[in-house]
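Worksheet: the structure to be examined is printed underneath.
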Amino acid sequence: MLAVIEKVEGGNIARFERLLKHSVEQVWAVLTENDKLEKWMSNLEIEELRKEGTIKFNMNDGTGSSIDMKIRDFQEHSVLEFEWGDGWVRFELSPKTEGCLLVLKESIRTISDHTSKDLAGWHVCLDMLSTLLNGHYMDFPKGEWEKWHEKYIIVVNQ
């Protein structure tokens, strides 16, 4: 399912929802344990998992460069929110009868040419996260990203 973009004061919020057939604890582990996190979002690395802690965004370009991002909100097994560019990204988990609901929200101050690329990236990474939870690993699927990017170009230009 495509992200929904809502205009809010100060910008926009993109919202992705995924109903997963896994427990909150299993999904939380994939979000917060570096050995699992790197398999679906290779740029992120948890340094200090706590409110005001740090997540690194590794450039993965061979230079060893990274950006430190502050954890803005943290509630064990429930909420992980961190800085993302001039906005933030927030993961929320809530238990459901047959697993859990994962909601990813991204604050986007200004829609730009890069927005559709970023949203397609999150979309594909969430698919990779789901695949990992199902016991499989996949490399970043560039072809899938391109497909979703075309769809998100339409979404952000509506």
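The values are calculated or read from the model by the stated rules, or taken from the named source; none is laboratory data. Bear in mind the structure is a predicted one, so any value in this text is a computation, not a measurement. So basically every Cβ, Gly included, is an ideal-geometry build from the backbone, and we count neighbours across all protein chains shown.
Please give the number of the condition SER66 fails out of (1) free of Cβ contacts under 8 Å to residues at least 24 places away in the same chain; (2) polar (S, T, N, Q); (3) in contact with a helix residue (DSSP H, G or I) (Cβ under 9 Å, 6 or more places away or on another chain).
The failed condition is (3).
Taking the stretch 122-156 only, how many residues are out of contact with any helix residue (DSSP H, G or I) (no Cβ under 8 Å at 6 or more places or on another chain), over 17 Å from PHE16 (Cβ atoms) and touching a residue at least 40 places away in the same chain (Cβ under 8 Å)?
Residues meeting the conditions: 0.
Does at least one position in the stretch 115-128 carry a residue that is under 21 Å from LEU44 (Cβ atoms) and either β-branched (Val, Ile, Thr) or assigned to a strand (DSSP E or B) (or both)?
Checking the stretch 115-128: at least one residue is under 21 Å from LEU44 (Cβ atoms) and either β-branched (Val, Ile, Thr) or assigned to a strand (DSSP E or B) (or both).
Hey, can you tell me all the residues within the stretch 35-56 that are in contact (Cβ under 8 Å) with a residue 12 or more places away in the chain and either over 19 Å from PHE74 (Cα atoms) or among the aliphatic types (A, V, I, L, M) (or both)?
LYS39, TRP40, MET41, SER42, ASN43, LEU44, ILE46, LEU49, ILE55
Determine, yes or no, whether PHE82 is under 28 Å from LYS21 (Cα atoms) and without any contact (Cβ under 8 Å) to a residue 60 or more places away in the chain.
Answer is yes for this residue.
Keeping to the stretch 93-117, report how many residues are under 12 Å from TYR152 (Cα atoms) and either surrounded by 20 or more Cβ atoms within 10 Å (Cβ to Cβ) or hydrophobic (A, V, I, L, M, F, W, C) (or both).
Of the residues in the stretch 93-117, 3 are under 12 Å from TYR152 (Cα atoms) and either surrounded by 20 or more Cβ atoms within 10 Å (Cβ to Cβ) or hydrophobic (A, V, I, L, M, F, W, C) (or both).
Does SER116 satisfy the criteria of being under 13 Å from ALA14 (Cα atoms), modelled with pLDDT of 95 or more, in contact with a Gly (Cβ under 9 Å, 6 or more places away or on another chain) and of a type in the set (Gly, Ala, Ser)?
No; evaluated as a whole, the condition is false for this residue.
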